[in-house]
Amino acid sequence: MALTDIMLPSETSGALPQVRKIAASDLRDALRKGLDDFWAMPTHIIFLGLIYPIVGVLIWRAAFGYDLIPLLYPLAAGFALLGPIAAIGLYELSRRREAGMDTSWKHGLDILYSPSLPGIAAVGLLLLVLFAVWVAVAQGLYVAAFGYGEPASWSGFLHDMLGTSQGLWLVAAGNAVGFLFALLALMISVVSFPLLLDRHVGPITAILTSFRAVVANPVTMALWGLIVAVGLIVGFATFFLGLAIIVPVLGHATWHLYRKVIAPVNSPHALYNPVRKGWRFGADFPANLFSSYRTDKPKE
């Protein structure tokens, strides 16, 4: 089945998007709408929501299999930095449902046809770099506290962390530094990905707008960050399985949060219908690589 009626971003006038003030009641409404999207599109959990539990299990196995026990907590906590990347498809599905369009799970990949794809990739790469830096900093803090030796067992690791002065220092310092990384990730991504999906703006404009949204609503955005953090903790506490529900709900809610924070524009969204390529037969190689040689038939 071919993808049709792909909704492209609207063109921008060049001016920075207008940021609005929001309150805690707007967060409740965004979460309510996110939950409504979740119930309306439950089959999309398998395609998008289960990314988190699967990767979480891989992280858990890596920690036991490759002596990465000291990095298990930083990896799990830092994994939240990558949440906005995994939720891009959820934003798109909420956008289409809002517009009354088809919400087939295949439309979660519509970003591949978006002119904003380079900007989305740039912001995603920035978050990946931030994640890598966080893991490196966490490893450095552990080395500063305990040296390069690896704990022999889980019980020994827990004793070192909770029963020694170095461990208590590491817990305090690690969480403080992790909070700063989480705050930076929130400021970068809270509305940047939805904005790039919705409007044809560059990554710098999207990130600046996201920063402006946090600065204009510091208390409300801090509450939103707390909601996300608590949700992820609950998901981790259920051995990552709870994330299959929490991540889709938060992803859909983030789209509605964007709608409340960023004032809408009147520019229409163009629709795009990808042209399906015909069959190319191996017997015609290499002639079929050239556009002047097209004896292939359209794909049924």
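Can you order the peptides 147-157, 235-245, 126-136, 255-265 by their average number of other Cβ atoms within 10 Å per residue, highest first?
Averaged packing, sorted descending, gives the order 255-265, 235-245, 126-136, 147-157.
Quick query: amide H of Arg199 versus all other amide H atoms, modeled in the peptide plane; which residues come in under 5 Å with a sequence gap of 5 or more or a different chain?
Ser10
Give the peptides 246-254, 220-228 in descending order of average Cβ contacts within 10 Å, highest first.
My ranking of the peptides, most packed first, is 246-254, 220-228.
Obtain the nm distance between the two label points defined at Leu158 and Ala216 by a simple spin-label model: each point lies 7 Å from its Cα along the Cα-to-C-beta direction.
4.8
Taking R0 as 25 Å, what FRET efficiency do you get between Arg20 and Asn266 from their Cβ-Cβ distance, rounded to the nearest 0.05?
0.95
Can you give the extra length, in nm with one decimal, that the chain gains between Val129 and Asn175 once fully stretched, where that is 0.36 nm per residue apart less the Cα-Cα distance?
So the extension gain works out to 14.6 nm.
For the pair Leu183 and Gln139, how long in nm is the line joining their label points, each one 7 Å along Cα→Cβ?
A separation of 2.6 nm, rounded to one decimal place.
Show me the ranking of peptides 16-24, 189-197 by mean Cβ neighbours inside 10 Å, starting with the highest.
189-197, 16-24
Any chance you could run the full-extension gain for Ala229 through Trp39? It's 0.36 nm times the residue separation minus the Cα-Cα distance, nm to one decimal.
Result: 66.2 nm gained on full extension.
Computed from the coordinates by the stated procedures, all read-outs in this text should not be read as laboratory data. The structure displayed is predicted, hence computed values, not measured ones. Neighbour counts are summed over all protein chains in view; Cβ atoms, including those assigned to glycine, are modelled from backbone coordinates with ideal geometry.
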